[in-house]
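Everything below concerns the one structure shown next.
The values are calculated or read from the model by the stated rules, or taken from the named source; none is laboratory data. All of these numbers come straight from a predicted model, not from anything done at the bench. Using ideal geometry, Cβ is built from the backbone for each residue, glycine included, and neighbour counts are taken over all protein chains shown.
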Amino acid sequence: MRIVLALATSLIFSGFAAAASVEDDVQRYIQIFSGEKNLHNDAADTFSWMGLSDTRLFDIVERRLLEDADASRDNRNERNRVARYIRSLGFSGQTKYEPTIKKFLGDVGYNRFAQAALQDLPDYNKWNPIISNRSSFDPKFSDNVNRVANMLQRSDSVAWQAKALGSSKNEKYVALLREVAEKAVARHVVTHATEALAKYYGIRNR
């Protein structure tokens, strides 16, 4: 339950406004990624829970990635922005971006982001349609709360959220993931929490 609350809190207090439809969400993000680059990091950080897969949006992200990857290597902030583009393609769940992501495997600056994105692709291919399914949204609640509710419809929701929290790479979730890995009863939940700690934080059971 603490994982549910932590994820819900991160969504509820996000600065991104509610939209009337998935198309509205897509158009809002297209506008962001077609505009000033200083807005891209915050927007990219929300893709892990927005449930978006539209190629009109992610084609723009892919183009930004290919245009800026080499020129950004010597600037840490710019390199971090490009790394977020790579992760974003993974969160799209669209296999068409797999060849582009693979271009960065073995790259000194971007390899770990490419590896994570390739691991995310098949998961988000399944998750995004569920997260963004507005037919199950309750109008009494915000879009973000409804996205959490959609996640909870799955029998493996806690395992799913363990992965989602891990993929955020936010250090504040380490304690929660450790608690799940140590105390959860369901074996598959323990496995996902343990894998999230190892994959995203480099923490392995001794």
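Inside the range 45-67, residues that are at pLDDT below 95 and assigned to a helix (DSSP H, G or I) make up a count of 4.
Cβ separations smaller than 7 Å between residues 6+ apart or across chains give the following pairs from the range 71-82 residues that are part of a loop (DSSP other than H, G, I, E, B) to residues that are of a type outside the set (F, W, Y): S72/E78; S72/R79; S72/R81; S72/V82; R73/R79; R73/G109.
Against the numbered list (1) of a type in the set (G, A, S); (2) within 25 Å of V26 (Cβ to Cβ); (3) at pLDDT below 70, A186 comes up short only at (2).
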